[in-house]
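Comments concern the structure below.
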Amino acid sequence: MAYQVPYSGISNRLGDEEIKAVTQALGQDTLAMGPSGAEFEERFAEALGARHVKATSSCTTALFLAAQVLELRPGDEVITTPQTFWVTTWPLQARGCVVKFADIDPDSLNIDPATIEPLITERTKSIWVVHYGGQAVDMDPVMEIARRHGLTVVEDCAHVAGGTYKGRSLGTIGDIGCFSFHSLKNMTTGEGGAFVTGDDRYAEMARALGTIHNYGEMREREDPAIGPYRQPAYYKDAHVLRSYTHDYVDGRYLVGNNYRMSELSAALGIVQLGRLDRLNDRRREIAHRIDAGVSGVPGIGIQHEKPYARHVYHLYTLFYQPETVGAPKDDFIKHLQEEEGIEIVIRYFPIHLLPEFRALGHRYGECPVAEKTYFEHQIQLPIYDHLTDAQIEHMIGAVRRGVAALSGTA
Ligand SMILES: Cc1ncc(COP(=O)(O)O)c(C=O)c1O
C-alpha cells in the first residue's frame with residue numbers, strides 16, 4: 001500500500017551542501033581518522049558547550065564506551081527507564097550488570113525521578129536516563145539523588161541533539177552523554193554517534209578505548225631489546241613505538257574496540273550540525289501545528305512541553321483515551337493506517353517486558369505507568385522535515401475523523 005503519509009527512513013532531506021561536503025571528503029588523503037572527524041568533534045563540543053566529544057560509529061557504541069569507562073562490573077546495579085529502545089541497556093547486560101527499572105512520567109514518557117530512589121541499594125552504581133522522544137528528563141532531581149548516593153549518571157541523548165534542560169545542552173549535565181546520528185535522528189551522519197563528557201579521565205579513557213588501543217598502567221621497558229632484536233628505529237607501526245616497548249603493570253588494562261566514525265560521516269555531520277537548529281525549529285513548528293489541530297478532540301491528549309525543556313520532537317506523540325472514544329488503541333491505529341493511509345510506528349515496547357528481561361524475572365506490573373501508557377495511550381505520528389502542508393493537514397483531519405468514526409459521532 002502506498003501511504004499518503006509514509007514513515008520516512010530519513011529524518012531530513014539532504015541537499016547540495018551535504019553532497020558537496022561528502023564529495024570533498026572523498027578526495028581527502030584518508031577516509032579514516034582524518035581532518036573531518038576532528039573538525040566534527042570540535043564543532044559538536046562547541047555547539048553543546050561540552051568539554052570533550054569523541055565521535056563514534058553509533059549511539060550504541062558510545063553507550064558501550066560509557067559502560068566501559070565507568071568500569072561497571074558484573075553484579076553492579078544500574079537504574080534506568082523501561083521506556084526506551086532496547087540498546088540503552090545492552091552494554092549493561094553485556095557486562096553482567098543488574099538492570100533495575102524505575103517508572104515514567106505519563107506525559108513526558110521520561111523517567112520519573114521519584115521512582116528512582118526506592119530502587120537504590122548498596123550495589124547501585126549508576127543511573128542511565130533517556131531523554132525520550134526529544135524532551136529533557138527532569139535532570140535536577142536526578143542529579144541530586146545521584147550526588148547524594150555517589151552514583152554516576154549517563155544521558156542517552158539518541159533523540160535529543162539540540163535539546164536543552166533549563167537552557168543547558170542535554171548530554172552535558174550527567175557524567176556522560178551518548179548521541180545518535182542514525183538516519184532517523186534529528187541530525188544524521190548515516191550511522192554515527194558521539195560520546196560526550198566533562199570528565200578528563202573518562203575522556204582520556206574513551207579516546208584510547210574507542211580507537212583500537214588498550215587503556216591501563218604502563219611501564220617503560222627497561223631494555224628496549226625484544227629477544228635478539230633491537231627496537232626498530234624507523235618503522236611507522238605504532239605498536240613498535242608503544243605497545244611493544246611497554247609492559248602492562250599487574251595485568252591491569254582494559255581492551256578497547258574500534259568505535260570510530262568515518263570521515264564521510266563526519267563530513268556529513270558538520271553540515272547537518274550547522275542546520276540542526278533550523279531542523280529542530282521545523283520539527284517544533286510541525287508538532288505545534290498538529291497540537292493545535294487536534295486540541296479539543298475528545299479522547300485525544302497532546303504531549304506538553306515541560307517548562308524546563310526545549311522539546312525537539314524526535315517523536316511526535318499523542319495520547320489516546322480508549323474509555324472516552326469507546327474503542328481500544330489498536331482500532332484507532334488500524335483506522336489511521338488502513339482508512340487514512342498514515343504509516344504508524346509506535347515507539348517503544350517497554351523493555352522490562354522483553355524476553356531477555358522476563359527470563360531474569362521482570363514481569364508485567366513492575367512499571368505500571370509505562371505499561372498502561374504504552375498499551376493504552378501513546379501513539380506516534382510520522383514527523384520529519386519533508387512532511388508537506390497537505391500531509392500535516394491530512395494527519396490532523398485523520399485523527400479527528402478516526403475519533404468520530406470509532407465513537408459513533410461521525
Ligand atoms: C533511545 C535510544 N538509544 C540508543 C539508540 C541507538 O542508536 P544507534 O542506532 O545510533 O546505535 C537508539 C536508536 O534508535 C535509541 O532510540
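The values are calculated or read from the model by the stated rules, or taken from the named source; none is laboratory data. Everything numeric in this text was worked out from a predicted model, so none of it was measured. Glycine gets a Cβ as well: all are built from the backbone with ideal geometry, and neighbour counts include every protein chain shown. Note: accessible area is taken over every heavy atom of the protein model, side chains too, but ligands, DNA and RNA are not part of it. Shrake-Rupley method; radii C 1.70, N 1.55, O 1.52, S 1.80 Å.
When you go through ILE145, ILE173 one by one, which is the residue that is assigned to a helix (DSSP H, G or I), away from the ligand (no atom under 16 Å from the Cβ) and open to solvent by less than 30 Å² (accessible area, probe 1.4 Å)? That would be ILE145, the only listed residue that is assigned to a helix (DSSP H, G or I), away from the ligand (no atom under 16 Å from the Cβ) and open to solvent by less than 30 Å² (accessible area, probe 1.4 Å).
Of all the criteria given as (1) assigned to a loop (DSSP other than H, G, I, E, B); (2) within 11 Å of the ligand (Cβ to nearest atom); (3) at positive phi, the one not satisfied by ALA158 is (3). Considering the stretch 73-91, the residues that are among the β-branched types (Val, Ile, Thr) and away from the ligand (no atom under 12 Å from the Cβ) include one that is nearest to LEU109 (Cα to Cα), namely ILE79. Just give me the residues in the stretch 60-72 being within 16 Å of the ligand (Cβ to nearest atom) and either more than 25 Å from LEU264 (Cα to Cα) or open to solvent by 10 Å² or more (accessible area, probe 1.4 Å) (or both), in sequence order. Those that are within 16 Å of the ligand (Cβ to nearest atom) and either more than 25 Å from LEU264 (Cα to Cα) or open to solvent by 10 Å² or more (accessible area, probe 1.4 Å) (or both): THR60, THR61, PHE64, ALA67, GLN68. Within the stretch 319-362, being farther than 22 Å from ASP105 by Cβ, part of a loop (DSSP other than H, G, I, E, B) and charged (D, E, K, R) holds for GLU340, GLU343. The residue of the stretch 81-138 that is nearest to the chain's Cα centre (by Cα), among those that are under 21 Å from HIS304 (Cβ atoms) and among the charged types (D, E, K, R), is ASP138.
When residues in the stretch 283-297 are screened for being of a type in the set (D, E, K, R), open to solvent by 40 Å² or more (accessible area, probe 1.4 Å) and more than 20 Å from the chain's Cα centre (by Cα), 2 of them pass. Considering TYR320, TYR316, TYR308, the condition of being in contact with a helix residue (DSSP H, G or I) (Cβ under 9 Å, 6 or more places away or on another chain), among the aromatic types (Phe, Trp, Tyr) and either without any contact (Cβ under 8 Å) to a residue 24 or more places away in the chain or within 16 Å of the ligand (Cβ to nearest atom) (or both) is satisfied by TYR316 alone.
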